[in-house]
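The values are calculated or read from the model by the stated rules, or taken from the named source; none is laboratory data. In this text the structure is predicted, and so the values were computed from the model without any measurement. Cβ atoms come from the backbone with ideal geometry, glycine included; neighbour counts cover every protein chain shown. All accessible areas refer to the heavy atoms of the entire protein, side chains included, with ligands and DNA or RNA removed. Shrake-Rupley method; radii C 1.70, N 1.55, O 1.52, S 1.80 Å.
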Amino acid sequence: MPVSQQVISLLQYLLPGFLAAWIFYGLASYTKPSQFERVIQALIFTLFIQGLVFPFRLCFPQQGWVENILPFGAAVLLGIVFTIFVNNDWLHKLLRRARFTTRTSYQSEWLQSFEGYRVGYIVLHLKDGRRLIGWPEIWPANPDKGHILLENAAWVQGEDDSDAKVVELENVRGILVDASRVHMVEFISRYPEKSS
């Protein structure tokens with residue numbers, strides 16, 4: 001049974017929106033929503049893409065590249081632009097300044113904290129009472145699963161900050177810590193004194 005021209009045209013119309021959604025969820029640090037929500041978002045992307053392509057259809061009627069290539073280029077561009085805006089909190093930052101919202105584009109406070117304090121050392125307070133200090137290179141979007149990669153990692157010994165001593169891990173470039181074993185994350189302004 002041959003596929004009708006209408007089905008091919010419909011797929012050609014919708015596919016760029018699905019491509020943009022696929023790029024967005026592949027590059028953004030969001031967990032994927034349900035299949036139904038992803039279809040709705042792909043349809044919304046389709047509307048944006050068709051809006052971008054519409055002026056070109058008016059200026060260049062009957063041009064094959066406008067119908068066959070331009071929507072896919074617009075999909076790639078739109079997917080990347082939306083990802084950049086979400087990953088950097090640009091749109092929500094603008095909306096917070098205008099007092100439209102108090103929310104951020106990050107999916108959790110955990111992720112927002114790591115992104116906001118990107119340039120600094122952290123102390124991981126593990127559930128067993130030990131503490132690790134290091135430079136966070138990689139962190140998960142969700143505190144319940146995934147791992148944190150600490151570079152220049154060292155153990156912090158002592159009960160409080162006034163008597164804390166840092167014991168460096170020799171010949172260790174980085175350490176991978178299970179995020180579910182972390183009780184608390186401390187973003188510090190200065191590195192503690194090293195033990196001699």
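Things to note:
- The label-point distance for Ser34 and Tyr13, in a model that sets each label 7 Å from Cα toward Cβ, rounds to 2.6 nm.
- Label assignment, log10 I(q)/I(0) by the Debye sum over Cα atoms at q = 0.09, 0.10, 0.16, 0.18 Å⁻¹ derived from the structure, set [x] -0.31, -0.39, -1.09, -1.42; [y] -0.53, -0.61, -1.03, -1.17; [z] -0.29, -0.36, -0.97, -1.26: [y]
- Residues His147, His183, His92, sorted by accessible area with the largest first, give His183, His147, His92 [1.4 Å probe; ligands and nucleic acids excluded].
- Projected label points at Gln6 and Arg181, each 7 Å from Cα along the beta carbon direction, are separated by 6.1 nanometres.
- Per atom type, the range 23-153 shows carbon and sulfur on 62% of its accessible surface, probed at 1.4 Å.
- The overall shape of the range 61-165 is prolate: from the C-alpha gyration tensor, with semi-axes ordered a ≥ b ≥ c, the ratio a/c is 1.5 or greater and a/b exceeds b/c.
- On the beta carbon distance between Arg96 and Cys59, with R0 = 35 Å, the FRET formula returns roughly 0.40.
- For Pro136, neighbours were defined as the other residues whose beta-carbon sits under 11 Å from its Cβ, and their charges (Lys and Arg +1, Asp and Glu -1) total -2.
- Helices that extend 20 Å or more along their long axis by alpha-carbon positions and average at least -0.5 on the Kyte-Doolittle scale are, among the DSSP H runs of the chain, 5-27, 35-59, 70-87.
- Using the Cβ-Cβ distance between Val172 and Arg118 with R0 set to 25 Å, the FRET efficiency from 1/(1 + (r/R0)^6) comes to roughly 0.65.
- Among the lysines of the range 91-196, pairs at least eight places apart or on separate chains and with Cα atoms under 30 Å apart come to 6.
- Å² per residue, accessible surface of the chain at 1.4 Å: 68 Å²
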